[in-house]
1. Quick one: would you say ALA27 is within 30 Å of GLY162 (Cα to Cα), at pLDDT 85 or above and among the small types (Gly, Ala, Ser)?
2. Quick check: is even one residue across region 18-34 under 15 Å from THR183 (Cβ atoms) and more than 16 Å from the chain's Cα centre (by Cα)?
3. What's the number of the only condition in (1) open to solvent by less than 40 Å² (accessible area, probe 1.4 Å); (2) within 30 Å of the chain's Cα centre (by Cα); (3) touching a residue at least 40 places away in the same chain (Cβ under 8 Å) that THR58 fails to meet?
4. Only one of ILE102, ILE123 is at pLDDT 85 or above, buried (at least 18 other Cβ atoms within 10 Å of the Cβ) and either part of a loop (DSSP other than H, G, I, E, B) or of a type in the set (Asp, Glu) (or both); which?
5. Can we say ILE72 is within 18 Å of the chain's Cα centre (by Cα), modelled with pLDDT of 90 or more and open to solvent by 40 Å² or more (accessible area, probe 1.4 Å)?
6. Please go through region 75-99 and give me each residue that is among the small types (Gly, Ala, Ser) and either open to solvent by less than 60 Å² (accessible area, probe 1.4 Å) or in contact with a His (Cβ under 6 Å, 6 or more places away or on another chain) (or both), ordered by number.
7. Looking at region 176-187, is at least one residue at pLDDT 85 or above, over 14 Å from CYS50 (Cβ atoms), open to solvent by 70 Å² or more (accessible area, probe 1.4 Å) and touching a Leu at 6+ places or on another chain (Cβ under 9 Å)?
Amino acid sequence: FMSVDDLVNDSVHWIPTSFNFDNFKQAFEVMDFKNTILDTLQLSVIPAACQVVVCCLTGYAFSRYRFKGKAIGWGLLILTFVLPSQATMVPTYLIFKDMNIIGTVWAFVLPAVLGQGFKTTIITLVFFLFFSQISTSQIEAASLDGCGHFKVFFYIALPCVGAAFIIGFLFSLVWYWNETYLTSMYISNSSIGNTNSMTTLLVKLSQFEASYKLLNEGNGDNTLNEAIRMAGTVICITPLLVVYFCLQKYFVQSVDMVGLKD
C-alpha cells in the first residue's frame, strides 16, 4: 500500500503515511486479472477435480481388491512419483503437440484423467489409507444384504472418505495453481503460434517486470517499484487463502480423524 515516496523514505517502515491503492490497480492491469483468473481456475480446478476422482477409484481398487499384477501396479505407481518430470517433459510435449492440445486445458486434464496428474501417487495413497480404515465387516454385511460392488462403493465406502476428498482437492488445487514451469511449457508456450493460449496468475507474476515495462512503454516513468510487485503477489495468493479459510474447518477435522478406526 506504500507510495514511491514512502518506499524511499527511511522513516516509514510498516505503516504507510497514506494507503496507495493505485499499486493494486496497476497490478490488476499488468496481469490482465479478469481474463487470467478465468484461465487459472480452468487450469487448476478442473484438473484437480479430475485427479481426485481418479485417485479415489485407484485407491479403492488397491485397498479392497486382490488382483493379478497388483504389486506391479503399486511399483509403477511409485515409479511415476520418483521419476523426475524433467525426464518426461520433452516426450510428453511431443505427444501433446501431435495431439494438438498444446495451449489448451486438455494438456493438464488428460494426464489427470489417466492417473498421471501432479503428484497423483500422494493423493492415491491418501485414499488408500482412508479406504483401508473401513471395517471389513461393514462391507461383508452389505454384500450379504445383496449389495454389489458399485453399491458397496457408493453407499458404504464413499461416505467414509469425505475428508480424503477435501485433502486431495486442496493439495491438488495448490499444486496446479502454483505450477509455472510446466504451465509455461504446455499451456502458455509462445512458440506454439497460438495467440489465444491460456496462462495463469503465477505465470503472469513471473513475467511481471517485462509485462509492466511493455504496458507502460512511452509513458515516461516505467520503473517497477517493489510495492507494485508485492501487490501482484498478494493478488496471486488471495484466491488460495479464500479457499483455505472456507474449507479449513473440514480440513482440520479430516486431519484429526486420520488414524482413528471404529
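1. Values: within 30 Å of GLY162 (Cα to Cα): no; at pLDDT 85 or above: yes; among the small types (Gly, Ala, Ser): yes.
For ALA27, the condition - within 30 Å of GLY162 (Cα to Cα), at pLDDT 85 or above and among the small types (Gly, Ala, Ser) - is not met.
2. Of all residues in region 18-34, those under 15 Å from THR183 (Cβ atoms) come to 31.
Now restrict to residues that are more than 16 Å from the chain's Cα centre (by Cα): 31.
Yes, because at least one residue in region 18-34 is under 15 Å from THR183 (Cβ atoms) and more than 16 Å from the chain's Cα centre (by Cα).
3. Result: THR58 fails condition (1) only.
4. Working: ILE123 fails: either part of a loop (DSSP other than H, G, I, E, B) or of a type in the set (Asp, Glu) (or both).
Sole residue among the options that is at pLDDT 85 or above, buried (at least 18 other Cβ atoms within 10 Å of the Cβ) and either part of a loop (DSSP other than H, G, I, E, B) or of a type in the set (Asp, Glu) (or both): ILE102.
5. Numbers: within 18 Å of the chain's Cα centre (by Cα): no; modelled with pLDDT of 90 or more: yes; open to solvent by 40 Å² or more (accessible area, probe 1.4 Å): yes.
Answer is no for this residue.
6. GLY75, SER85
7. Start the filter on region 176-187 by keeping residues that are at pLDDT 85 or above, which leaves 176-187.
So of that shortlist, the ones also over 14 Å from CYS50 (Cβ atoms) come out as 177-187.
Checking which are open to solvent by 70 Å² or more (accessible area, probe 1.4 Å) leaves us with 178, 181.
Then keep just the ones that are touching a Leu at 6+ places or on another chain (Cβ under 9 Å); that gives 178.
Looking for residues that are at pLDDT 85 or above, over 14 Å from CYS50 (Cβ atoms), open to solvent by 70 Å² or more (accessible area, probe 1.4 Å) and touching a Leu at 6+ places or on another chain (Cβ under 9 Å), one finds at least one in region 176-187, hence yes.
A quick yes/no check of all residues on (1) touching a helix residue (DSSP H, G or I) at 6+ places or on another chain (Cβ under 7 Å); (2) in contact (Cβ under 8 Å) with a residue 60 or more places away in the chain:
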site: TRP106; (1), (2): no, no
site: GLY117; (1), (2): yes, yes
site: LEU125; (1), (2): no, yes
site: LEU129; (1), (2): no, yes
site: GLY148; (1), (2): no, no
site: THR180; (1), (2): yes, no
site: SER184; (1), (2): yes, no
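The values are calculated or read from the model by the stated rules, or taken from the named source; none is laboratory data. Computed from a predicted structure; not experimentally measured. Every residue, glycine among them, receives a Cβ derived from its backbone with ideal geometry; neighbour counts consider all protein chains shown. Protein only, heavy atoms only, side chains kept; ligands, DNA and RNA dropped before computing areas. Shrake-Rupley method; radii C 1.70, N 1.55, O 1.52, S 1.80 Å.
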